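Peer 1: Below you'll find the structure I mean.
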Amino acid sequence: MQVNEIKEFRPKIVAFCCNWCSYAGADLAGTNRLNYPSDVKIIRVPCSCRVNPMFILRAFQRGADGVIICGCHPGDCHYTSGNYYARRRMTLLFSMLDYLGIEKERTRVEWVSAAEGAKFAATMNDFVETITKLGENKRLEDLRCKE
Amino acid sequence: MQKIGVFVCWCGSNIAATVDVSAVSEALSHEPGVVYATNYQYMCSEAGQNTIKDAIKKYGLTGIVICSCSPRMHEATFRKTAAAAGLNPYMVEIANIREQCSWIHKDMATATEKAIILGKAAIAKVHLNAPLTASQSPVVKRALVIGGGIAGIQTALDIADAGFEVDIVEKSPTIGGKMSQLDKTFPTLDCAACILTPKMVDVAQHEKIKIYSYSEVEAVKGFVGNFEVTIRKKARYVNENVCTGCGLCTEKCPQKNVPNEFNLGMDKRRAIYIPFAQAVPKVATIDANYCMKLKTGKCGLCEKICTAGAIDYSQKDQLIEQKYGAIVVATGFNPIKLDNFEEYSYSQSPDVVTSLEFERITNAAGPTSGQLLRPSDGKHPHTIVFVQCVGSRDTSGCGKPYCSKICCMYTAKHAMLTREKYPDTDVYVFYIDVRTPGKNFDEFYRRAAEEYGVHYIKGMVGKVAPKADGKLMVQASDLISNEQLHIDADMVVLATAIEPDKSARPLATMLTASMDTNDFFTEAHPKLRPVESPTAGIFLSGTCQGPKDIPETVSQAGAAAAKVIGLLAKDTLTANPCVAHSDEMMCNGCSSCEKVCPYGAITYVDKEFRMPDRTVAIRRVAVVNEAVCQGCGACTVACPSGAMDLKGFSNSQIMAEVDAICK
């Protein structure tokens, strides 16, 4: 009898964090030793408005299971209005992704300030849990670039 | 292909306890382009930095990746290290394996795995890094202060005392602003003129300060450190350098029927006037709208009687061009117009006055020489009703949604002073809330209510109606006893909401400084950079940024001055090289980027392109002003053709990181 080893699903999660608030919030989560799963990998961007929808599509194409964008709270953007642009762009993009079959839960925009280490960790724990329940993201696989 | 060196830091046991550092450096050494990988206990220490420097020289590294703490901690350190070894500082990338890895994960296997992935992402990014050079631009050592109220005065004095030239542009004939119209100031009750006018004299006598009174800013070009400003000096028909301010002309002018704006139209002035006795500069001004000589050519009396020969009817507006390194906005406020508040009968009864008018009535230099008299019949009022929040905290659309902040305190002051001077007067104050956040403010309010017997009633006034006997019927509700009140008042004083001066909006457009929906200037950061505009080189002072009282205005003015001094003390400005850049071959001049830029850093030029068929085509292309761009990247996403990119965080760099993470 052959026993197939069931491999535990570990999601791939890309988090775009703005340099001024959320990246600092992530650092604070670290300083306070607040745990969240290692599946989350952070990419530092100057502002949430730097996140091009292309980056998110690329991440899903390359096999990401979830993408989260974190920026300063509305009204607190280092560049005044960048997070508002991000919010608008992502609202449009996420509904388009939903239409393509990438569940809305796989994408998220969150506001995390530099003082909210606990919120950052909680958000990431929650997001990873959501994605783990959803399972692997198979959409866009056909479009996946072969090396 | 880059030659990349990887340096993994243990950070003592901070990283090494949960991340297998030698496994990380070993794994990363096999990445393409990596020619050297090592790990060391403390990379940021001198020995650690020397390891990096030696490796850069020995292996001819063109890029380095440091797996260590957050770039917010030591990015600057390692950039300096790279620069010291002759490598461009922007060829350094940091993989954050402490705050975002070792400190949050307990399991060594997963933490090591993650650290390797973060390292790979940084390597993928550094492959696409390009050396960046920060541009330098010279700083013009002169500041412009727009607005000559207490905010502008204090800012100008502080900057000038530090040894820099300052110009004040004030649109009215004198500096002094709203504070010069006030009587006493809360909570200490010292008289506004006694504390303001010496400062005005200091400004006039300061060798580093030049006042452009009766002038406005016409145009602003340039950027931080190098603004080119055009100032329109309006014709006042009096030679400022010759006029002695004797005031003879202002007594003899036959045109006596001009509403005196300094007393808010409650009395009259002449067509040639000096706004008030302590005006700075103390120079007469002819009001061209009323002067008979300028309107009809007949009169000329002032010219005949002026012993100094200062009158010049042929004077024209002058345009002055000047360069500045920094601009301070101090345009101040005005009480709102009360057209939307007919229920208070402001336009129907002269005995319904705004608080600023009441301030003039109680001022010794005011229309009644400081005696509290009803404007309608000049009699002493025995019952005065103060109405708070007239147009403030009003979300109905008639007024302003914000709290005007100063009204609670000045109403307490008015009520207290009235009771002190005229104990026979009944004083009622209707309020929604009494807000007294400030040093000694609540004590002051309690004194008004408890010691001076001012009747504070929580509730709103519904209607003020003039009665046949000359009194005013005030209809109000008392929310605590839940009663309807009818008070026969002799005077009603409206604590009118304040709004930014009307000149602020066009000025903001000229300066490309951002404003909120209420036309207050927005600050670069509401908590951490409260006196700077998001636009570099523009600073905010006083009520142009939000309602505030005098102590707060003066502290903000000093803070703005400190920021300006910090800027002007530099000979050159080093710009952040991580700025947007447009590829002119791809740009189609669509203006999408310009619209999203919060700093107005993008302009368009017509550029000649040589086409393959040897013809020359002219196309409109975007150009980024690197001194103005702050590097947020909003334009890069808005650009439909992909021409706009951000140095240091380019599309390809971020894509490479995404690829490395998702592999």
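Just so you know, all these numbers are worked out from the coordinates, no wet-lab data involved. Only a predicted model underlies this, so the values are computations on that prediction, with no experimental measurement involved. A quick note on method: Cβ atoms are made from the backbone with ideal geometry, for glycine too, and the neighbour counts reach across all protein chains shown.
Peer 1: Using the Kirkwood radius built from alpha carbon pairs, what does the Stokes-Einstein equation give as D for segment A:1-104 at 10 °C and 1.306 mPa s, in µm² per second?
Peer 2: Values: Rh = 15.1 Å.
Taking Rh from Cα pairs, D becomes 105 µm²/s.
Peer 1: Then there is this: Just the C-alpha atoms of chain B: what Rg/Rh do they give, with Rh taken as the Kirkwood radius? Intermediate results must be reported in sequence, preceding the final value.
Peer 2: Numbers: Rg = 32.4 Å, Rh = 29.5 Å.
When Rh is taken as the Kirkwood radius, the ratio is 1.10.
Peer 1: Around B:Leu196, what is the net charge, scoring Lys/Arg as +1 and Asp/Glu as -1 over all other residues with Cβ under 11 Å from its Cβ? Working shown, then result.
Peer 2: Numbers: positive: B:Lys178, B:Lys199; negative: B:Asp190, B:Asp202.
Around B:Leu196, the surrounding residues sum to 0.
Peer 1: Amide H of B:Arg529: which non-local residues (sequence gap of 5 or more, or other chain) have their own amide H closer than 5 Å, using H built in the peptide plane?
Peer 2: none
Peer 1: In addition: What does the charge dipole of segment B:580-647 about its Cα centre add up to, to the nearest 20 debye, if the Cβ of each Lys and Arg holds +1 and the Cβ of each Asp and Glu holds -1? Intermediate values should be presented prior to the final figure.
Peer 2: Values: 7 positive and 8 negative charges, 18 e Å.
The calculated dipole for segment B:580-647 is roughly 80 debye.
Peer 1: What order do you get for B:282-289, A:67-74 when each peptide is scored by the mean count of other beta carbon atoms within 10 Å, highest first? Walk me through the numbers before you get to the answer.
Peer 2: On the way: B:282-289: 20.1, A:67-74: 24.9.
Descending mean neighbour count gives A:67-74, B:282-289.
Peer 1: To continue, here is another question. So what J values fall out for segment B:25-31 if you push phi through Karplus, 6.51 cos²θ - 1.76 cosθ + 1.60 with θ = phi - 60°, rounded to Hz, Gly and Pro as x?
Peer 2: 5, 5, 5, 6, 5, 8, 5
Peer 1: What average number of partner chain Cβ atoms lie no more than 10 Å from the Cβ of the residues making up B:533-543?
Peer 2: Working: counts 1, 5, 1, 0, 0, 0, 0, 0, 0, 0, 0.
Across B:533-543, the average partner-chain Cβ count within 10 Å equals 1.
Peer 1: Counting only the backbone N, which residues of segment B:330-362 are under 16 Å from the spot 7 Å out from the Cα of B:Lys502 toward its beta-carbon?
Peer 2: Residues B:332-340 fall inside that zone.
Peer 1: Read phi for every residue in segment A:81-86 and hand back ³J(HN,Hα) as whole Hz from Karplus 6.51 cos²θ - 1.76 cosθ + 1.60, θ = phi - 60°, with x for Gly and Pro.
Peer 2: 10, x, 5, 5, 4, 4
Peer 1: Which value, in Å to one decimal place, does the Kirkwood hydrodynamic radius take for segment B:580-647 when every pair of different Cα atoms is included?
Peer 2: Numbers: mean 1/r = 0.0822 Å⁻¹.
Roughly 12.2 Å, rounded to one decimal.
Peer 1: In the P(r) worked out for the protein assembly as shown, what percent of Cα pairs fall beyond 55 Å?
Peer 2: Taking all Cα-Cα pairs of the protein assembly as shown, the fraction more than 55 Å apart is 27 percent.
Peer 1: Under 12 Å from a label point 7 Å along Cα→Cβ of B:Asp519: give me every residue in segment B:334-350 with its amide N that close.
Peer 2: Under 12 Å, as judged by backbone N against the label point of B:Asp519, lie B:334-337 of segment B:334-350.
Peer 1: Can you give the FRET efficiency for B:Met611 and A:Tyr99, using 1/(1 + (r/R0)^6), R0 = 35 Å, r = Cβ-Cβ distance, to the nearest 0.05? Could you put the intermediate results ahead of the total?
Peer 2: Numbers: r = 41 Å, r/R0 = 1.17.
For R0 = 35 Å, the calculated efficiency reads 0.30.
Peer 1: For segment B:171-313, state what percent of all Cα-Cα pairs lands in each successive 5 Å bin, counting from 0 Å until the bin that includes the largest distance.
Peer 2: Computed distribution, short to long bins: 2, 9, 16, 18, 19, 15, 10, 7, 3, 1, 0.
Peer 1: Apply the Karplus curve 6.51 cos²θ - 1.76 cosθ + 1.60, θ = phi - 60°, to the phi angles in segment B:119-124 and return the couplings in whole Hz, x for Gly and Pro.
Peer 2: After applying 6.51 cos²θ - 1.76 cosθ + 1.60, I find x, 5, 4, 5, 5, 4 Hz.
Peer 1: Enumerate the amide H contacts of B:Glu165 below 5 Å, restricted to partners 5 or more residues apart or on another chain; note that Pro and chain-start residues carry no placed amide H.
Peer 2: B:Ala143
Peer 1: Additional query: Okay, which of segment B:213-233 sit inside 20 Å, backbone N to the point 7 Å along the Cα-Cβ direction of B:Ser137?
Peer 2: Within reach of a label on B:Ser137, which here means backbone N under 20 Å from a point 7 Å along Cα→Cβ, segment B:213-233 contributes B:218-231.
Peer 1: Could you work out how far the C-alpha centroid of segment B:568-637 sits from that of segment B:301-357, in angstrom?
Peer 2: The two parts, judged by their Cα centres, are 41 Å apart.
Peer 1: Based on other C-beta atoms within 10 Å, arrange B:Leu28, B:Leu294 from fewest to most. List each step's numbers first, then the result.
Peer 2: Values: B:Leu28 24, B:Leu294 16.
Result, fewest neighbours first: B:Leu294, B:Leu28.
Peer 1: If you keep only loop residues by DSSP, which GluC sites (Glu not before Pro) in segment B:157-209 have at most 11 other Cβ atoms within 10 Å of their Cβ?
Peer 2: Working: sites: B:Glu165, B:Glu170, B:Glu207; in loops: B:Glu170, B:Glu207.
Sites meeting the loop and neighbour criteria: B:Glu207.
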